[in-house]
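Here, each number is a calculation from the coordinates, and none is a lab measurement. Bear in mind the structure is a predicted one, so any value in this text is a computation, not a measurement. Please note: Cβ atoms are built from the backbone with ideal geometry, for glycine as well, and neighbour counts cover all protein chains shown.
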Amino acid sequence: MTEKRDYYEILGVSIDAEGQEIKSRYRKLAIRYHPDKNPGDKEAEEKFKEAAEAYEVLQDPRKRNIYNQYGHKGLEGSGFSGFGGFEDIFSSFGDIFEDFFGFSSDNRRSYSRNRAQRGHDLRYDLTLDFMDAAFGMETEIDLEKSETCSRCEGSCCEPDTHPETCSHCRGSGQVSRSQGFFTLRSTCPTCNGRGQSITTPCTECDGRGQVIVKKKVSLKIPGGVDNGSRLRLTSEGEAGVNGGPSGDLYVFINVKEHNFFTRNETDVICKIPISFVQATLGDKIKVPTLNSEKTLSIPKGTQFGDIFRFQDEGIPSLRGNHRGDQIIQVEVKTPTGISKKQESLLKEFARLESDKFKNKLKDMFKGKAS
């Protein structure tokens, strides 16, 4: 599969480009590579579709923000993977092409504004506490989205009334005229391309067929999610048009930092301070875990940075029935504010250590001499 090019590079604009500049650059490319001007030219067709995809993303603030943060993968995760063909492009940009060329396109003959269309996907960013991400939780999120009007059931008409066929375009949604070797088609100005006129619009949705609602959506978060994890809720996106299915809702997870634990995949890591005496003589200490606490045996002669492990005390795996480990790194702390007696004892300890070290050196030299 060919790797997609950068959208800003395709249109030849900077990342800070504003809407009018983006539209102007796209207009030039659309005119240059339009299939009606390049019949049978496969390279031009690909460039036309490539430019349309770039424009679709950069002119939409939501898609552009996702692309700026996460690139092409982020867009795929939010439900956008480009256009399937010319029909998708002309159905999305019909009015723009009429503005560019004064007509739509022969490629748009099969397109009808009354066909069923899937609703847009939605994105929701959810921030979780470390422990909630580790063990999962159930919560509700507040959404504001479009839904099919319950009064007219999406017909846009008052109950017991029906739309009438447009007398100007006779239901086609387009009007035609000839100019040279082109047959120029444009959106019907009477019905705005619907092919129908609504004489008695629904009083609930003002003839739009959809209403904006505030809704609480229940969300079950599995244990083990991490930064960047994505949950998909089918049919919780925007309502479809003309009976089309609703889009999906994608919930992107962000996890707060913990004041004691850090995470490496399914392992959790913590640092435990111990005293010089504990490191030297050994000890048993209590260490917090994700669930409660466990006893850790510190062996004699433990060094700064030594690693210990509690098996199966880490994060649950999203892909299986196992848990990671808890990794404990010890930090030997140098004592401060010691008493005179402690200082005297440490000096005696230092003297003994010095004698011990000197004896080791003598043994080493003897070994070499022999």
message = For a 31 Å ceiling on Cα separation, which of these pairs sit above it: Lys23/Lys220; Lys145/Lys220; Lys214/Lys256?
response = Lys23/Lys220
remark   = Final fewest-first order of Arg151, Arg309, Arg194 on the 10 Å Cβ neighbour count is Arg309, Arg151, Arg194
ask   = If you find the alpha carbon centre of segment 1-44 and of segment 275-344, how far apart are they in angstrom?
value = 59
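I need the calculated FRET efficiency for the pair Lys341 and Asn259, taking r as the beta carbon distance and R₀ as 45 Å, to the nearest 0.05. Mind showing how you got there, number by number?
Details: r = 36 Å, r/R0 = 0.80.
For Lys341 and Asn259, the calculated efficiency is 0.80.
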request  = Specify the inter-centroid distance of segment 122-172 and segment 217-244, based on alpha-carbon positions, in whole Å.
outcome  = 13
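Quickly rank 139-150, 56-67, 288-299 as a protection proxy: mean count of other C-beta atoms within 10 Å, highest first.
Ranking the peptides 139-150, 56-67, 288-299 by packing returns 56-67, 139-150, 288-299.
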